[in-house]
Every structure is written in structure tokens, then in C-alpha cells.
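Chemist: Let me give you the structure first, and then I'll get to my questions.
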């Protein structure tokens, strides 16, 4: 329970704390959550399924309130807590951090995310899924760029409509099951047709949230116009809910439809990889560029997940973690540039590396990580994902592989246009301690995972085995 | 039954106490009376007994639950609206006792066992509301609302009576058990029955605001004083929907082939009309009015029978109860908050940034609005979910349409939300400053919205 | 020390150097920074010599499992055998000399500590590349050296005039390499699918045991490997980055873009010799690509006026030369030339660095001339390097080139002739370079002339050592004609998988004599031609505008860059803009907006229904009732 109570309590505390302390309240809360998940992790034995909350009573319409975790969930919860800490830490010197609302909302968001990743009941999953929408919307709405309103309206409605599709799928699925607990939903046997529509509902929700091309049109504007922390939350955590949802809910609940859906999602994912990368090449707004880059990266993960074997799932998880860390780093860099240069236009930047060598260095590190060079977690993730896709269909693998090339093109373009060249400014305030620390933590984690990914694979391996078994068992029952 | 008497007596006493021109005293009496009635009802939940026996009324498990909700909503309305009622101290007693009398009508509508009592309840419920709608005498719109409501309402009553007459002709009885038996045994059939049922349905649709009988609601909701709007949306709708369901599933259930497809189509029309009309509205209460139309449309989904067995009907009643709990608490929250902001014109823009000026209000507002929009984890979501999942068994297409409508609906809810919570502080908006009672109401609603589903389910 | 500890120490040394300089270098004095970086390199080299002395069999060092999932096992594992030891010696040996040189060359640079950090990091990555025991490790190092190359090419990113250009050159290098890497990656996937492992030994043993995959599979694997190699080793079509990479500081050009990194592609092919031996089609492709690259780059080098550009094209050309050898199965000959090339090309680059240093960062040879008087040591060493690369008899290049030519003659006379032409061109443009720079009269401005000076000892010492190596490097694999015993052939063949199985071509003494005679004549002829043209006639290269015909084509590098620009860069940029404008903005966004618009419009319509007039309300209510009645009548 501590996993939920700590963020929730600190959310309240942040709302009530005196103004001069509030930024530390948020950070303390994040750290406390981090410790609590650390304790859970330390006691966790690979392969366990831990139940956190189970009142043992089922409501009239089948809600069981069941919450719990296995290796995959715990890994995601750990990611949430690490990234939340990073977000609060990197924002510490900013004006937003001193606002009660901001801290309270971030902690609330964290609560919701932990709920999403530990929900063991369909309705609870939906409840937490939607719960996260409100804080992030408010963060973006209250602290975002001036011209944000239409974009946010679109974002909210778009994602909400997607969630409604998932709701329909849950309702439909609930019709076949005794109750909404994960176990009974998973064991439901579906006809191919109903499985198809159920998976379609889930897919729409997840495809919009991830977002996959062509459901992505809300994303660039929202990422661009949200405040730095908002963009970080959106890209580093919020979209991971959808990827996790694909792994945990979409495929296992309706594996009967996998045969029909795998090609669709793989192809959409790959189209997204290339399409978004191509568009990113010519973007002149740095946040928009990274937004498209994000679409490109997650398309690959989504495509990989659908292959649903241990290798690609492990790789997807690594890549999920990698993308979260990199996204925080990249948007931190973009935020620093936007903040201190008062523009997001790459063409108006230049020469920053000379004025702010520390920033130049760390931005470069994150840039390299984002193009998945060896010794970074992205390398392992992309290697295995591409391998999986290549095994699925070599042409698809080849097309997906172009991400290596295009990724380098747009990332370095962004980096060089902003950092290289002769300085056009008098001065540029170099990184402050909290920013350096954020970059440092991100880089250390990326390198650790990049060099020894086996640690993560061992952690989630047995849980993945179980997950894959359950889907395969399900498929074989029905002809 | 005894609770009914307590409420009625409280109404009378309040009226007399009002002569003392001490609004607080009236309030105290009403609150004590309502609390007593609620307690009495609560004690009977598991052991229904009748102190006074009367054939036309019976409070068993389900109707007790509904009565409690009705009374709680009434209590919240009285508390939240006290600042309005006590503006003219000589009328405070009248307003409050009108509400109490109306609540009596509501209970009659919930507990009725024959159509005569039902009609009586409907009128007792409605007439005070006609008056209350016009209670803001300085406001022409208020008077207009009252008159419009009265005109259309009397027309609907006429239709109801007409329908009841045909029904009587077909079955030879007013008592609902007799009617049900008559229909069940096939003694009553043919056009007498059919026309009677459809007429009654039309008048019900009027009461709950279903298309094409909904036209009064935007004008009346918009023109009435805020708190009266809240009362109409919460209590009147609750009673109407419950009676609707009780009659149609339990009494006319055997004749469902007559009315199901008509209601099915009208439910769709209601949802679309409500949601689409709301999109371009700029006045707060008008949006709420259309939203209430749309919500009536969703609620109609449970009235459509999902199967023939009694257990499923009871479940449907339970789901409707939860649905109305979420809806009622949300609407009371929104209405009470709208009262705390000085905004005579009721333009949405007048609320710009109000939720930011007073963060508590912002918090309560968020809860109310998200709940009415059906966003978890609030009561409104669970109500909607139950309704939808119940209807899905028989009418999956209808649920899909309802879900699409929820999607359309989010647009105007979000518009309200974004205006209310806007961070660009408009100078014109004053800081919302609720009084203690309003805070109390908001807090109770908030607890209900957050904890309600988890505690009560 | 046991061999595994030695290797680990060698691996750790540059990393430690990079860590120290990277974290604290900014506050340390330059001499300390440079000494640390150079020191670790020399120690590493010394240890490498120990490894060389002690190791006779292939040794494996298991570090840890990187990925272990069911069937898939990728290890961090090292392999020490003849091939990797040879590369180890080159990398640490040439590397330490270049480090030493850089201490002087980069003295004035404010990014001094960064430079050495990157250099050390590069060495680390390169060591992983050559020491790994599987393709996965190779890929790690492969990409790692790519990053360092990127960092070092764009080292002067904040330069007022050239900052952005340096950055663009670096980016070009990285991206072109990435294209190659994609090929390599796919080769890895194919191998995993086919063999289930990426260990050289397991793949090699499977092949050598006769467990051959289908021809197409082998062709695919080897072709993809070769695509990877073309990226890193600057072969057609991925070669244009290397001349641009000269934007980096000169020691970088010497280390990365001449002696070590660019030979990674060759290393890869030699390492995978067992695969290539069974894929004759790929060998053909390699042969012809190498040949074309060699000839074309030599042609382009003829009219370059930037001292480093000449050397860059020369490198491309030489690498092409080596690939021809690989295409013919001449793996040892290739490694032999790699070794000697590392000596003399590093020497030439460092020499050019010394020249540039003396000339105050002027790189245009038209503004030089007569430098032999001012910088004598540089002059002599440069001359030795030139002679070595031109293939003057008995210098290192002479022997190594000769072996490749011997292969060519054995293979096909036409190929031999083309290669001889390429070698002739090489000799011509190298002597042209030498004469224009060092002979004749000084053509620069007085200010520069006044400041012309020989470089300090830490710069000239590496030149001298490399010059000596260039002179005697040929001894490594002296043919039997001169009493040699093909030592390198035996050394590599002894412990490197596959190389002992491949039949090396060794011509008879008379044929060797004939070949060497022809080569000597060609080289001397080129020397004479260049001497006549540039010293006797004292002609100076024309400015670009005056060039016509072939010369213009050469000076403009056959317009390959422009071609690529028109074929790839522009279209991609155009597609990017078009996708954003038409698909993203006009189609997808409009589509979504269209939905909202439809809803909005229907909202407008439905609203009209609400008139505010009671009689109309009553009318609609009546209509509703009538409708219900009609419904009832119709239905029942």
C-alpha cells in the first residue's frame, strides 16, 4: 500500500505546504516513493506475483479492486518513481517547481501511474488510466505556452475518445467473464470475431496514447506547447502506460486476435518509425523535432511488442526504460534552451556549447543515447527489437532499421544547430547543480543498462514467461 | 411511510416558523426534520415496516434507498441554497417548505403502488417546482421559466392522465400489481393498452427531459434560480426516472414489445440532441440543461429491459441508483459552486479562472465536472459504467452510440472545465466565496463522489 | 602477467586515461593531461608487446553475459590471436606515437583535455572492436569508434568560420557510417538466424566443418558484412565522408582516418574470411568495388590542393587497393598492407600536420613551396613516407603492394594492369604533393614565412620513428626471393581461424622479380614525371577556375558529392517537407478537424430546434405523441 499512499500523501502535503517549502515537498515525496519501490524490489523474487490489495469482495457488476504486481509491473513502477524524481529534480530551479499545484499534480500523476502499472482488475486499470489524464492536462494547461489551448483541447478529447474505445472493449469482455479481475479476464475464451473487436478497442486507446501514426496528430502540438515537466511526463511516462497496456492487457486478453492484428500494428509501427523520422528531419522547432522523434522511437517498440516473444518483450521493456530516460534528458535540454534563449527555433540558436560547455557535454551524451550508440541502453533495446522484426519479415526489419540512420540525422541536426557554430549571444547560463545531477543520473542509468541489460532481463524473465504462456495456452484452446 | 409524514410535518412547521422571520430557525427545522426522516428510512432498510398502512404507498428495500437519496439531495439543496432562500427573510420559510413538500411528492412517486398515488406524487412534486422556478421575482427569465414550465408541464400531465385512463380501460385497475397481472396473463392487450403505455411514456419522457419532449428544460433550467435548477436536475429527475423504471420494467415489462423499440429510438435521439445542442452553448446552466437531457438519454439505457428475470430488473434499479447518485452529487456540486460566483448573466466566460482564484472551489469543481463527464475514479463514472455494461448484454449497438455520445459530451464539459480553471486571471471574475453551509455541501458531495462508489458498491 | 590480465589492463588503460582527463582534465595543467593520455598509451603498447611475445595460441577471456535469453546468448568476451594481436600492436603503437605528436600539435587548443579524452576513448573503442571474440562486441566497438570519430571531426565546432562546416562534416561521417552499420547489423541478424551465435569461433568452426548454409544466405551475410565495411573503410558508395573528415585536427586524421579506424572494415573481412571464402559472388563484388574505389580515388587525388585532402583520397585509394586483395582471397597480403599503410600514412598525415603547424594552419599547397629549408626533419620524414607509399623499391610499401599485385597477376591480368595504373597514379600525385610543398620557392606571405619553424621534439620524434618503420616495415613479410620466410603469413595463419586454411599466393622467384621490376619502373617513372613537371618546370597547380576537362573533373571529385546531394539528400529533405505539409498538416490534421467540424455543425443544426417559443415546444410534443401513435399503428 505504501506504493500508493506515499505519492497520494505527498500530493496532499504539497497542496497544503507553505510556498517556500513546496518544491522540496514534491522532491521528498518522489524520493520517498523511490525508497519504497526500492524496498519492494529488494524483497521481490523473480517470478513472483505479489498481491497488494484484494478486498475479496466482488461488486454487483464484477469489480474486484484487485491490485498487485509481478516483475514487469514492478519494473514499470520503479521507472515511474525514478522518472518522477528526475522530473522534479530537473525542474527544481524553475518557477513551476515553487507552485503548490504543480507539485501536487505531479505526485497525483505518479499515484495514477503506479495504479495503472499495478492494476490487476480491468476496471481499476481503466480508472487509473483515466486518472492520469487529469493531472497532466492541468499541468499542461496551467503552466504551458500561451498558445496551448486548442492543442490541449484536442489532446484531451482525442485521448479520451480513445479511452472510451477501451471502455467498450472492457464492457464487452466483462460480458464473458465472471468478474473483472485479471485472472478471469485472461481466461476468457473468445471467438475470433469478438476477440478482434475487443483488441481493436484496446488498440485504439493505446495507439492514440502512444501515439502511433496516424493517430498521432495531437502529439506534436501538445508536446511542444506543454511546459517542460508536462512534456517529460507525457513522453517519459504517459505513453509508457499504453505500451505496458499492450503487453499486459491488449494481447493477453484477446490473443485470439493476434494473428489478425500483428501485421496491422507492426506495419503501422514501422510506418510511424519512418514517417515521423522523415518529418523530424526538417522540423525547426526543437521540441517539435523531439516530439516527432519520440513517435518514431515508440513506433518501433509497439511493432516489437506485437511479436510477443520473450526476446522482443524483454527488448521492449529495456527500450521503454531507455526511451523514458532519454526523453527526460532531451526535453530537459530543449527546455533549458527554450528557457534561456526564449525561443524554440533551431535557426535562432547556435554556439551554445562554447558558452555553456557543461550543457554542451551533457546534451551530447543524451543525444548519443538517443541515437542508440553502444554502451547505451537504447543500443541493446534497438538491437533486439530490430532483430525480432527482422526475423518476422526481413523487409520490415530493413525499413525499421533506417531509424538508425534517420535518428542520427535529426538528432545531430538539432544538436549541431543549437550547440555548434560561433556563439550569437553574449552569455548563456550553464547548467545548475540539479540539472547536472539529473543528466548524470540519466546517463549512469543508461550506461548501466546498456552494458549489463541482463539484470533487467533476469528481473522480468519469469514474469514474461508466464505472460507468454498464458497467451499461448489461450490460443491453443480455441481452434 | 412515517418518514413521509415527518417530511410533510417538517414542511408545515417550517412554514409556521417562518412567521418569526428567522431564516436560521427555518433552516434548522428543515434540517432536523430531514435528518430525522433519513434516519427513519435508514433504520428500515433491512427491516421494512409500516407504521401507518396505506395501500397506495409501500416503501420496501429499493424504494427506501431511492427515498434516502432523494431526501439527501433535498437536504443538500436546502443547505446549499440557503444563501439564496434567506435573501428575503419573509419568504425563506415558503421556499424551504415548498422544497419539503416537493420532497413529499418525490417520495410518493418513489413508493407508489397505484397509479392514483403516482399521479398525486407527480403533482405534489411538480407544483412547488413551478413556483420555485419563478421565485426570482426581479428576473424576467425566472418568471418566464416558471410559466413555460407550467404550460408544458400541464400539457404533459394531461397526456399522463389520458394514458392512465386508457390503461384503466385496458386493465380495469389503478393498482400496479393488478395491472401487471392483467398484462402478464394476457387479459389486457390491444390498442387500449398500447396507447395507454405510449402516452404514459411520453409524459415520463417530458419529466426526465427526453427528446422530443425536452424543449422546456433549457429554458427552464436556464431561467430558474440556480438552486432550483439543481433541485430539478437532481431530485425531480431522480424521482421521474425511478418511477419510469418501476412502471415500465415491473408493470409494463410483459408488454415490452409495445414500447421497447420506441424508447430505443428516442434514447438515441435524446442522447444526440442533448450532446450536440450543448456544444455551442455559452451559458452555464443551459449547458447543464442539455447535459441533463443527454444524461437522461444514458439513463434510459437501463430502463430498456435487458432480460425478463426479476433479478436483472433489481440489478438495473441498483445501477440506476448509482447512476443518479453520481449525477445528482455532481450537479449539486456544480450548481452550488455556480452560486458562489457572482455572475448574473450566467455566461460561461463570467466563470473564467474562478477555480484558480479559490483553489478549494477549483478542487470541488473539478470533482463535480469530471464526475458528470464520466471520468474515473468518481461516482459519475461508475454509474455510467454500470448502466452501460448492463445495457451491453442486450443492446451493444446502443452502448456504442452512448459511448460515442460520451465522447462528444467531453467537448463541452472540457470547455467549461478549461474556462473555469483557466490560469489567465480575468479581472472581472470575483473570487468565489462560499459560505460555511456551501462548503459543507461541497465537502459532502466531494466525499460522496470520491468514496461513494468504493464504500457503497 | 597472465595473458588475460595483460589484455584487461590494456583495455582498461585508455579508459582510465579518458576518465581522468574527462573528469578532472579541465583543472589539470596541459602537460599533465597530455602525459596521462600518452602515458597510458605507451604502457598499453608495452603490454601489447608482451602479449605479442607470450601468445602463440588463440586465447579467450570471458567477461560477462550481456544478454542471455533462452537461446540467445551474447557475451562480452575477448579473443586474442594472431590477427587481433597484430591489430593491437598497430593500434597501440601508432596510437601512442600520434598521442605524443598531439601533445605538441594541440598545445594552443583550449579543448586540450577534451581532445585527449576523446583520443583515449577512441582507442578504447577500437580495442573492443579488435579484441572482441564475436560480432556483437565488434559492433560495440564499431559504433564506438564512430562516435569518437564524430566527436573528433567536429572538434572545432565553435570556430567562427568553419564551426558549422566541421559539424556538418562530422555528421556526414557519422550518418554514412550508420548506413554501413545498418548493413552490418543485418548481417548480424542473419548470422544469428543461421548459426544461433555470433562468436567468430563457433561460426567459423561450423563453416570449416562443412556445415554450410545455403548459397543465398552466405551471399546475404557476406554482402551485408561488406556493406558495413564500405561504410567504415570508405569504399564506393560510402566513401565521401572520409575526405570531409579532414575537418578534424590532423592527428585525428592520422589516427582514425588513416591508420586505425578505417581499417576496421578490412579487419572485419579478414576476421570473417571463412565466410567470404564460400561466397565467391561477394568476393567478386569486393574485388570490383575495391578496384573502382582505388582508381577513382587516385584520380581524384591528382588535382587536390589541400594537403590533407590529397592524403585523404590517397587513403581511400589505398583502402580500395586492400579490398581488391581481400576480394581475391589475399587476406594476409591485405593485413600486410594495412600494417605498412598504417606506418607511412600516419607518417604522412603527421608530417602534413607538422607542415600545417609550421604554416599557421594554412593547408593549401599552392601557398607552400620550398619548405625543405625551414623544416628539415619534417621534410626528410615526409619524403620517406612519400617514397614508401609510391612503392619505391625496398621500402615498406613496395613489399606490401607487391604482394597484392602478385595476387592480382595470379588472378587476372586485366586487374593487375588496372591496379598498376592505380599504383602509378598514386606515385604521381604523392610526388606532386611532395614537390609542390617542399621544393621550389616559398609562395606564402611574408608573415607566415617569417614564422616558419620546425616542430618541437615531441612532434618530430614520432615522425622519425614512423619514418624508420616505413623504411623497414616491409621486413615483416619478406618474400623468399630476398631470403625472407613470409613471417607474417605464418604468424597470422598460426592462430587465426580460417587464415591457415586459405591458400596464400606466392609466386615463384622469377615472377616476383618481374613484378618488382615493373613496380619499380612505374614508381621511378612517376618520380621522374613529377620532378620534371613540378621542379624543372616549376609549375604550380592552377586555381580551380582555370581547370578544364579531366583535371576539372578530378578537382571536383567527379561531382560525386553533388550527385549524392541530388539523389539522396535533396529528395529526402523534399519528402520530409512534403510529408509535413501535405500528409501531416493538410490530410491527417484536417481529417481530425473534419470530425470535430461535422459534430460542431450538427450541433449548430440541432440548436436551431430550440426556438424558445412555448407553442413550438407544444407542437413538438404533440408531434412526438402523434409519432408514437403512428409507430403503434404501423407496428401493431
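The values are calculated or read from the model by the stated rules, or taken from the named source; none is laboratory data. Note that this is a predicted model, so its numbers are computed, not measured. Glycine gets a Cβ as well: all are built from the backbone with ideal geometry, and neighbour counts include every protein chain shown.
Chemist: Residue C:418 fails exactly one of the following numbered conditions: (1) surrounded by fewer than 23 Cβ atoms within 10 Å (Cβ to Cβ); (2) in contact with a helix residue (DSSP H, G or I) (Cβ under 8 Å, 6 or more places away or on another chain); (3) modelled with pLDDT under 90. What is the number of that condition?
Modeler: Among (1) surrounded by fewer than 23 Cβ atoms within 10 Å (Cβ to Cβ); (2) in contact with a helix residue (DSSP H, G or I) (Cβ under 8 Å, 6 or more places away or on another chain); (3) modelled with pLDDT under 90, the lone unmet condition for residue C:418 is (3).
Chemist: Quick one: which residue in A:190, A:212 is outside any helix (DSSP H, G or I), more than 12 Å from chain B (Cβ to nearest Cβ) and either crowded, with 23+ Cβ neighbours inside 10 Å or in contact with a strand residue (DSSP E or B) (Cβ under 7 Å, 6 or more places away or on another chain) (or both)?
Modeler: A:212
Chemist: Here's a follow-up. Do the conditions hold for residue C:86, that is, is it in a helix (DSSP H, G or I) and within 18 Å of the chain's Cα centre (by Cα)?
Modeler: Taking the combined requirement at face value, the residue does not satisfy it.
Chemist: Look through A:308, A:292 and report the one residue that is in contact with a helix residue (DSSP H, G or I) (Cβ under 9 Å, 6 or more places away or on another chain) and more than 11 Å from chain C (Cβ to nearest Cβ).
Modeler: A:308
Chemist: Specify the residue that is farthest from the other protein chains (Cβ to nearest Cβ); the eligible residues are those in the stretch C:155-167 that are in a helix (DSSP H, G or I) and either surrounded by 22 or more Cβ atoms within 10 Å (Cβ to Cβ) or free of Cβ contacts under 8 Å to residues at least 12 places away in the same chain (or both).
Modeler: The selected residue is C:166.
Chemist: Mind checking whether some residue in the stretch C:31-52 is within 14 Å of chain A (Cβ to nearest Cβ) and either under 23 Å from residue C:338 (Cα atoms) or buried (at least 22 other Cβ atoms within 10 Å of the Cβ) (or both)?
Modeler: Looking for residues that are within 14 Å of chain A (Cβ to nearest Cβ) and either under 23 Å from residue C:338 (Cα atoms) or buried (at least 22 other Cβ atoms within 10 Å of the Cβ) (or both), one finds none in the stretch C:31-52, hence no.
Chemist: Does the stretch A:69-81 contain at least one residue that is within 13 Å of chain B (Cβ to nearest Cβ) and under 30 Å from residue A:172 (Cβ atoms)?
Modeler: Checked against the condition, which is being within 13 Å of chain B (Cβ to nearest Cβ) and under 30 Å from residue A:172 (Cβ atoms), the stretch A:69-81 yields no hits at all.
Chemist: Given the options A:273, A:266, A:298, A:251, name the one that is touching a residue at least 24 places away in the same chain (Cβ under 8 Å), within 14 Å of another protein chain (Cβ to nearest Cβ) and part of a helix (DSSP H, G or I).
Modeler: A:273 is the lone residue from the list that is touching a residue at least 24 places away in the same chain (Cβ under 8 Å), within 14 Å of another protein chain (Cβ to nearest Cβ) and part of a helix (DSSP H, G or I).
Chemist: When the residues of the stretch A:53-67 are filtered to those that are surrounded by 18 or more Cβ atoms within 10 Å (Cβ to Cβ) and closer than 22 Å to residue A:244 by Cα, which remaining residue is nearest to the chain's Cα centre (by Cα)?
Modeler: Ranking the qualifying residues of the stretch A:53-67, first place goes to A:67.
Chemist: Regarding residue C:184, is this residue farther than 30 Å from residue C:356 by Cβ, in a helix (DSSP H, G or I), more than 14 Å from chain A (Cβ to nearest Cβ) and within 23 Å of the chain's Cα centre (by Cα)?
Modeler: In short, no.
Chemist: I need the full set of residues from the stretch B:1-49 which are within 26 Å of the chain's Cα centre (by Cα), assigned to a loop (DSSP other than H, G, I, E, B) and in contact (Cβ under 8 Å) with a residue 40 or more places away in the chain, in order please.
Modeler: Result: B:1, single match.
Chemist: Whether any residue in the stretch B:295-305 is within 14 Å of chain C (Cβ to nearest Cβ), out of contact with any strand residue (DSSP E or B) (no Cβ under 8 Å at 6 or more places or on another chain) and assigned to a helix (DSSP H, G or I) is what I want to check.
Modeler: yes
Chemist: Sticking with this one: For the stretch A:435-445, check the following and say yes or no: at least one residue is modelled with pLDDT of 90 or more, under 27 Å from residue A:319 (Cα atoms) and surrounded by fewer than 15 Cβ atoms within 10 Å (Cβ to Cβ).
Modeler: Scanning the stretch A:435-445 turns up at least one residue that is modelled with pLDDT of 90 or more, under 27 Å from residue A:319 (Cα atoms) and surrounded by fewer than 15 Cβ atoms within 10 Å (Cβ to Cβ).
Chemist: Quick check on residue C:427: is it more than 21 Å from residue C:311 (Cα to Cα), surrounded by 20 or more Cβ atoms within 10 Å (Cβ to Cβ) and either touching a residue at least 12 places away in the same chain (Cβ under 8 Å) or not assigned by TED's automatic domain parsing to the domain that holds residue C:108 (or both)?
Modeler: no
Chemist: Give me the residue from the stretch C:510-545 that is touching a helix residue (DSSP H, G or I) at 6+ places or on another chain (Cβ under 9 Å) and modelled with pLDDT under 75 and, out of that set, surrounded by the most Cβ atoms within 10 Å (Cβ to Cβ).
Modeler: Within the stretch C:510-545, the match that is surrounded by the most Cβ atoms within 10 Å (Cβ to Cβ) is C:541.
Chemist: Tell me, yes or no, whether the stretch B:371-379 has at least one residue that is in a helix (DSSP H, G or I), touching a residue at least 24 places away in the same chain (Cβ under 8 Å) and surrounded by fewer than 21 Cβ atoms within 10 Å (Cβ to Cβ).
Modeler: Checked the stretch B:371-379: no residue is in a helix (DSSP H, G or I), touching a residue at least 24 places away in the same chain (Cβ under 8 Å) and surrounded by fewer than 21 Cβ atoms within 10 Å (Cβ to Cβ).
Chemist: Taking residue B:359 as the residue in question, decide whether it is within 12 Å of chain A (Cβ to nearest Cβ), out of contact with any strand residue (DSSP E or B) (no Cβ under 7 Å at 6 or more places or on another chain), free of Cβ contacts under 8 Å to residues at least 12 places away in the same chain and within 30 Å of residue A:101 (Cα to Cα).
Modeler: yes
Chemist: I've got another one for you. If I go through the stretch C:89-128 residue by residue, how many of them are over 20 Å from residue C:343 (Cβ atoms) and within 18 Å of the chain's Cα centre (by Cα)?
Modeler: 6
Chemist: Shifting gears a bit: From A:391, A:407, grab the single residue that is more than 22 Å from the chain's Cα centre (by Cα) and either free of Cβ contacts under 8 Å to residues at least 24 places away in the same chain or at the interface with another protein chain (Cβ under 9 Å from one of its Cβ atoms) (or both).
Modeler: Criteria check complete, one pass: A:391.
Chemist: Determine, yes or no, whether residue B:222 is in contact with a strand residue (DSSP E or B) (Cβ under 9 Å, 6 or more places away or on another chain), within 14 Å of chain C (Cβ to nearest Cβ) and closer than 30 Å to residue B:329 by Cβ.
Modeler: yes
Chemist: Tell me which residues, restricted to the stretch A:140-152, are crowded, with 21+ Cβ neighbours inside 10 Å and assigned to a helix (DSSP H, G or I).
Modeler: A:140, A:141, A:143, A:151, A:152
Chemist: Is it the case that some residue within the stretch C:352-374 is free of Cβ contacts under 8 Å to residues at least 12 places away in the same chain and touching a helix residue (DSSP H, G or I) at 6+ places or on another chain (Cβ under 9 Å)?
Modeler: Within the stretch C:352-374 (the criterion being free of Cβ contacts under 8 Å to residues at least 12 places away in the same chain and touching a helix residue (DSSP H, G or I) at 6+ places or on another chain (Cβ under 9 Å)), the answer is yes, since at least one residue qualifies.
Chemist: Counting only residues that are in a helix (DSSP H, G or I) and in contact with a helix residue (DSSP H, G or I) (Cβ under 6 Å, 6 or more places away or on another chain), how many does the stretch B:184-218 have?
Modeler: 20
Chemist: Please work out which one of (1) closer than 27 Å to residue C:96 by Cα; (2) in contact with a helix residue (DSSP H, G or I) (Cβ under 7 Å, 6 or more places away or on another chain) is the condition residue C:468 fails and give its number.
Modeler: Here residue C:468 meets the rest and fails (2).
Chemist: Give me the helices (runs of 4 or more DSSP H) completely within the stretch C:552-636, filtered to those with at least 2 residues that are surrounded by fewer than 16 Cβ atoms within 10 Å (Cβ to Cβ) and within 14 Å of chain B (Cβ to nearest Cβ), ordered by residue number.
Modeler: The qualifying helices (runs of 4 or more DSSP H) are C:590-608, C:614-635.
Chemist: If a residue must be in contact (Cβ under 8 Å) with a residue 60 or more places away in the chain and within 8 Å of chain C (Cβ to nearest Cβ), how many such residues does the stretch A:410-462 contain?
Modeler: Here the count works out to 10.
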